[in-house]
Amino acid sequence: MYPIKKIVIVSLLFFLLYKPAYAIDVSAHSSVMIEAESGRVIFNKNEHEQMKIASITKIMTAHLAIKYGDLTDKVKISSEASSTEGSSLYLKAGQSVLLEDLVYGLLLRSGNDAAVAIAEHISGSVSAFSDLMNKEAKEFKMKNSHFTNPHGLDTDDQHLSTAFDMAILTQQAMQDQTFQKIFSTAQYTPSFKDAYPWTNKHKLVTGLYPYANGGKTGFTKKAGRTLVTTAKKEDLTFIVVTINGPDDWNDHMSLFEHGFGQYEMTELITRGALPVLPGMPENIQYISNVEQKIPLTKKEQKRIVYQMVQGKNAKLIVYVNGEKISSIPIEEKKVDPPALYENLIRKMKELFKW
């Protein structure tokens, strides 16, 4: 048996040119930008502070409608739904509408009436649907969120979330292709009689920012302007959330430009056998079953450190600038030790740096 506590630390240097990152700030009281695949936080400002979030609430409502509903369902509009205040699709009590139309109207036009209709259709009532929202938030580890309605109106002081939690929600919701399609739509014509085309209220999605590929707007007097945007350029996708941001369009574009200008996806580990590193047991082959990439600046690429923990729960821990970035489970496989001459050649290579 080999000692479980044995640790091998190997630093990997990438000799690349470095361009220093520039300072950046936003008008929003609370903000975060994460990379969508890895979840790495690129920018943060009061990102865990609980705040009113207005209509970006509807990202959760749309996610649950798609997860638990059938978009071909016919939804009968109640008087409660049709009389909901604020932004509206002007649905009429007794009207039957496809769930698909309601979700498009929810995300593109921020229909509060659509939000209530969806809640009643999925869970029977707004109260029961709010319970479902909180259950899903718990599943997503949204630790500082509590939902009491499907639309984000200021009906009480308990409906709260954070920029970070909303980024995590968006990251999870975007994994569904149907959600992603609706989230990125610039214009949609509903199927019901005498309907007019709905244009997305999100200006970045409708052309203000060329890389924007999804988003949701929000506003109430108490919450201020709230905004969620996703943007993709080449192999990088970022999610930006701002809460109470008076200049949110520019906030988001500035953050995206910072991200795309300073970061590139960097491969930390590939699937398959890991290379033999100094200090590793000669009769053990380490294997990764995952491929992992993460956004790094060129400076960070030069400061990657791998820490291998051997034993029953073997793993490869990755640090950048002393910060733990990732922990990757790896498998150990016993192999025949190398022959004497192979050991000699390896040691000579290490000694003479062949």
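The values are calculated or read from the model by the stated rules, or taken from the named source; none is laboratory data. Note that the structure is a prediction, hence the values are computed from the model and not measured. Note that each Cβ is placed from the backbone with ideal geometry, even for glycine, and that neighbours are counted across all protein chains shown. The accessibility values were calculated without ligands, DNA or RNA, using every heavy atom of the protein model including side chains. Shrake-Rupley method; radii C 1.70, N 1.55, O 1.52, S 1.80 Å.
Among the residues of the range 51-68, some residue qualifies, meaning at least one is closer than 29 Å to S27 by Cα, touching a Ser or Thr at 6+ places or on another chain (Cβ under 8 Å) and part of a loop (DSSP other than H, G, I, E, B).
Taken together, T170, T178, T217 contain a single residue that is β-branched (V, I, T) and either assigned to a strand (DSSP E or B) or in contact with a Ser or Thr (Cβ under 6 Å, 6 or more places away or on another chain) (or both), which is T217.
Residues of the range 69-93 that are in a helix (DSSP H, G or I) and among the polar types (S, T, N, Q): S79, S82. L255 meets each of the listed conditions (1) among the hydrophobic types (A, V, I, L, M, F, W, C); (2) within 20 Å of the chain's Cα centre (by Cα); (3) farther than 26 Å from A54 by Cβ apart from (3).
Restricting the range 145-201 to residues that are at pLDDT 95 or above, farther than 28 Å from E49 by Cα and of a type in the set (A, V, I, L, M), the residue that is surrounded by the fewest Cβ atoms within 10 Å (Cβ to Cβ) is A186. Taking the range 245-259 as the range and being farther than 11 Å from L296 by Cα, open to solvent by less than 50 Å² (accessible area, probe 1.4 Å) and either part of a helix (DSSP H, G or I) or out of contact with any helix residue (DSSP H, G or I) (no Cβ under 7 Å at 6 or more places or on another chain) (or both) as the test, the residues that pass are D248, W249, D251, H252, M253, L255, F256, H258. Please verify whether L274 is open to solvent by less than 30 Å² (accessible area, probe 1.4 Å) and at pLDDT 85 or above, treating the condition exactly as stated. Answer is no for this residue. Taking first residues from the range 301-320 that are within 15 Å of V290 (Cβ to Cβ) and touching a residue at least 12 places away in the same chain (Cβ under 8 Å) and partners that are open to solvent by less than 10 Å² (accessible area, probe 1.4 Å) and aromatic (F, W, Y), the Cβ contacts under 7 Å between residues at least 6 apart in sequence or on separate chains come to A314/Y286. Among the residues of this structure, V41 counts as one that is under 16 Å from V320 (Cβ atoms), modelled with pLDDT of 95 or more and open to solvent by 30 Å² or more (accessible area, probe 1.4 Å).
Does F140 satisfy the condition of being within 21 Å of L227 (Cα to Cα) and open to solvent by less than 50 Å² (accessible area, probe 1.4 Å)? Lay out the reasoning, then the answer.
Numbers: within 21 Å of L227 (Cα to Cα): yes; open to solvent by less than 50 Å² (accessible area, probe 1.4 Å): yes.
Yes, satisfied.
Scanning the range 102-137 for residues that are of a type in the set (G, A, S), open to solvent by 10 Å² or more (accessible area, probe 1.4 Å), out of contact with any Phe, Trp or Tyr (no Cβ under 6 Å at 6 or more places or on another chain) and not in a loop (DSSP other than H, G, I, E, B) gives S127, A128. With the requirement that a residue be within 21 Å of the chain's Cα centre (by Cα), over 26 Å from Q158 (Cβ atoms) and open to solvent by 70 Å² or more (accessible area, probe 1.4 Å), what does the range 202-232 give you? Matches in the range 202-232: K203, P210, Y211, K232.
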